[in-house]
Amino acid sequence: MITLDSFCALGEPQRALVQDVRSGRAPHATLITGIAGTGKRTLARLLACALLCRSDGDRPCMQCKDCRRAQAGTHPDLLMPSVREKDRSIKVDDLRAVIQALSYHAAEGGRRVVLLENAQRMTVQAQNALLKSLEEPDGETTFLLTASGETGLLPTVRSRCRVVRVQPWAPAEIERELLRRQVDSAQAQTIAALCGGSLGRALDMYENPAFLSQRTLCERTFFSVRSAQDVPPACALLRDRKDDADALLDLLEQQEREYLLHSMNAGPAPKPSKDALCAHAWEQASPRALENVLSAVLLARRQRTCNVSWQAIADKLLYTISEELN
């Protein structure tokens with residue numbers, strides 16, 4: 001199970017935040033940002049448990065009634081907006097019950113925690129409504145906000161929060177978490193190298209029985225075309241894989257971005273499998289060629305939403321790769 005100590009291992013900002021919460025010096029408001037799958041929501045929930053836990057030992061104990069209710073989202077002093085996951089925005093009406101509750105004392109006479117997940121989805125009106133509570137802090141109330149980034153938040157909201165960016169997980173840390181879940185060692189190593197530092201994505205890969213076959217197909221096609229002559233047989237392999245199209249594009253885009261960073265001396269080259277016959281060409285490609293391939297991948301994604309034939313999309317991508325990299 002992922003704990004606060006798991007996040008402490010990711011870097012100093014997370015470690016300092018956890019120490020402050022455990023020692024009773026929690027910031028009045030914290031904004032937790034980071035790429036998808038790095039555990040922003042998990043970290044915020046664990047911090048909420050630690051703030052509401054009344055154990056005499058290390059907090060959160062995850063055994064007491066307060067921890068269990070906070071983890072389940074049913075603690076009366078854990079305040080969250082009534083918004084559904086699929087809603088695109090968090091409106092002022094969604095925050096109304098939270099803001100009203102802040103005008104009363106805590107239900108159980110202790111600390112209160114306001115948890116706002118996906119805070120970047122708040123409308124300007126909702127953020128302005130929340131701002132008054134952030135500007136007039138109650139010593140017994142702590143705000144925990146999560147967001148994919150700071151862009152969607154008003155400067156006045158950001159300035160009243162301690163911003164903690166959750167960094168991508170190191171492959172060794174992801175591999176360790178997978179091994180704790182009894183994942184086969186070789187599979188854990190493969191997934192850790194491919195998930196881009198996203199633990200959430202790593203777990204999705206493990207739980208998807210088709211992942212390894214999709215990865216093999218991606219490398220035998222997009223990463224194995226040496227010239228235009230190699231395109232037709234690669235197209236044949238992709239012809240009946242429409243149901244895997246989005247997963248294949250995900251794998252292609254992620255690894256392509258890693259090659260692009262490597263070409264600009266900003267990161268290591270990906271570790272291809274034996275199925276990638278043109279890994280050397282990708283590793284030696286110029287930044288401009290890789291940017292052109294990335295543009296083609298992004299175009300393919302847009303075409304998928306417009307119901308363009310998967311075969312036409314795959315054919316065009318393969319020809320573009322053969323032209324740019326060879």
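The values are calculated or read from the model by the stated rules, or taken from the named source; none is laboratory data. Since the structure is predicted, the reported quantities are computational estimates derived from the model, not experimental observations. As a convention, Cβ positions derive from the backbone with ideal geometry for all residues, glycine included, and neighbour counts pool all protein chains shown.
Observations, loosely collected:
- Segment 97-126 residues that are among the small types (Gly, Ala, Ser), paired with ones that are crowded, with 19+ Cβ neighbours inside 10 Å (beta carbon under 6 Å, 6 or more apart): 101/79; 106/77; 106/112; 107/77; 119/145; 119/147; 126/90; 126/95
- No other residue among 43, 4 is crowded, with 22+ Cβ neighbours inside 10 Å, in contact with a strand residue (DSSP E or B) (Cβ under 9 Å, 6 or more places away or on another chain) and in contact (Cβ under 8 Å) with a residue 12 or more places away in the chain apart from 43.
- Residues within segment 274-297 that are surrounded by fewer than 16 Cβ atoms within 10 Å (Cβ to Cβ) and under 15 Å from residue 251 (Cβ atoms), tallied: 1
- Single unsatisfied condition, residue 87 versus (1) over 25 Å from the mean Cα position of the chain (by Cα); (2) closer than 20 Å to residue 130 by Cβ; (3) among the acidic types (Asp, Glu): (1)
- Any hit, segment 25-39, residues being free of Cβ contacts under 8 Å to residues at least 60 places away in the same chain, assigned by TED's automatic domain parsing to the domain that holds residue 159, out of contact with any helix residue (DSSP H, G or I) (no Cβ under 6 Å at 6 or more places or on another chain) and surrounded by fewer than 19 Cβ atoms within 10 Å (Cβ to Cβ): yes
- Residue among 129, 172 that is without any contact (Cβ under 8 Å) to a residue 40 or more places away in the chain, outside the structural domain of residue 100 (by TED's automatic domain parsing) and not acidic (Asp, Glu): 172
- Filtered by the rule that a residue be out of contact with any Ser or Thr (no Cβ under 9 Å at 6 or more places or on another chain) and buried (at least 18 other Cβ atoms within 10 Å of the Cβ), segment 179-192 gives 183, 188, 189, 191, 192.
- Residue among 13, 81 that alone is at pLDDT below 95 and surrounded by fewer than 22 Cβ atoms within 10 Å (Cβ to Cβ): 13
- Close Cβ contacts (under 7 Å, 6 or more residues apart or on different chains) running from residues in segment 216-235 that are surrounded by fewer than 17 Cβ atoms within 10 Å (Cβ to Cβ) to residues that are in a helix (DSSP H, G or I) comprise 227/322; 228/319; 228/322.
- No other residue among 96, 68, 111, 88 is assigned by TED's automatic domain parsing to the domain that holds residue 33, in contact with a helix residue (DSSP H, G or I) (Cβ under 6 Å, 6 or more places away or on another chain), surrounded by fewer than 22 Cβ atoms within 10 Å (Cβ to Cβ) and basic (Lys, Arg) apart from 111.
- The condition (being in a loop (DSSP other than H, G, I, E, B) and within 24 Å of the chain's Cα centre (by Cα)) is satisfied by just one residue among 38, 30, 74, 42: 38.
- Matching residues in segment 179-204 - criterion: being under 14 Å from the mean Cα position of the chain (by Cα) and among the polar types (S, T, N, Q): 198
- You will find that of 146, 142, 190, the residue that is touching a residue at least 12 places away in the same chain (Cβ under 8 Å) and out of contact with any strand residue (DSSP E or B) (no Cβ under 6 Å at 6 or more places or on another chain) is 190 and no other.
- For segment 154-178, the candidate set comprises residues that are crowded, with 19+ Cβ neighbours inside 10 Å and within 14 Å of the chain's Cα centre (by Cα); within that set, the residue that is nearest to residue 18 (Cα to Cα) is 166.
- Residue selection: residue 210 satisfies the criterion of being surrounded by fewer than 18 Cβ atoms within 10 Å (Cβ to Cβ), under 24 Å from residue 277 (Cα atoms) and touching a residue at least 12 places away in the same chain (Cβ under 8 Å).
- Filter result for residue 70 (free of Cβ contacts under 8 Å to residues at least 60 places away in the same chain and over 18 Å from residue 160 (Cα atoms)): yes
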